[in-house]
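Here the structure is laid out as structure tokens; the discussion comes afterwards.
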Amino acid sequence: MACVAWAAPAADFVLRLVGRRRRRLAEAGSPGALTAVAATTVLGTRISALGRQPLAEALLALSALLWPVLLLVVRHWRRRMPGAVFLCCVATQGLAVLAATLAAAERTAWLAHAALVLFWLGLVLYGLALARFDPRQVLEGAGDHWIAGGALAISALAGATLLIAGDSGLYLWDDDDRGVLRTVTVALLVLDLAWYVVLLAAEVTRPRRGYDLRRWSTVFPMGMTATLSVATAVGVPWLR
């Protein structure tokens with residue numbers, strides 16, 4: 001089902017690109033276009049967990065090709081952006097998760113090191129996005145403001161996946177480096193949970209009734225938190 005859900009919009013994008021090339025290229029320059037990278041990495045991570053590493057590697061390659069092109073949306077950033085601005089972090093951390101997952105599965109050190117670089121880059125992009133995020137969106141946003149928390153969730157998941165890769169028999173970093181990574185991962189998880197409190201309180205204070213396509217972003221952070229997986233990796237018993 002996930003493969004069908006991914007393939008359908010991918011095919012639609014290709015068909016529209018052929019028929020309405022100018023319009024689709026314009027859409028590719030929007031923050032929402034980065035969902036293509038994020039969706040591909042999520043699918044690749046799941047496929048890797050099923051043991052189909054060659055297919056997961058192909059999806060990693062596709063994501064890596066799309067990522068630098070779509071990340072050009074950073075050039076169009078302005079002040080007071082909606083929550084979609086955090087998708088640059090989500091796409092980058094999605095790549096980190098998939099690369100770290102494959103590194104652990106195939107005992108490939110260079111993939112883990114590449115994932116670590118992407119992990120730190122994703123955090124930098126989060127900081128830049130936060131500086132351009134419109135705080136009023138917390139009370140007025142139509143749903144995509146929840147990506148602010150979801151980006152932290154997938155960042156924590158990326159950190160946890162890197163910790164798992166380090167325990168897979170590869171020598172990737174020393175104990176001090178592992179300690180830093182573990183501390184940052186726990187901090188990201190705590191900040192993510194704090195965001196949930198703020199966002200939920202805002203939803204109760206200012207209910208936003210009615211359907212809006214951007215409401216998918218409200219579900220996204222919950223799925224990305226993956227508390228059990230993160231807790232197992234970083235050793236936080238009270239989260240299990």
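So if each residue of separation counts as 0.36 nm, and I subtract the Cα-Cα distance between LEU55 and LEU170, what length gain in nm does that give?
On the way: separation 115, 0.36 × 115 = 41.40 nm, distance 2.27 nm.
This chain segment gains 39.1 nm when fully extended.
Packing-based ranking of 173-186, 84-97 yields 84-97, 173-186, ordered from highest to lowest mean Cβ neighbour count within 10 Å. Label-to-label distance, LEU65 versus ARG80, with points set 7 angstrom from Cα along the beta-carbon direction: 4.0 nm.
None of the figures in this text is laboratory data; all of them are computed from the coordinates on show. Note that the coordinates shown come from a computational prediction; the quantities given were computed from them, not determined experimentally. Ideal geometry is used to build each Cβ from the backbone, glycine not excepted, and the neighbour counts take in all protein chains shown.
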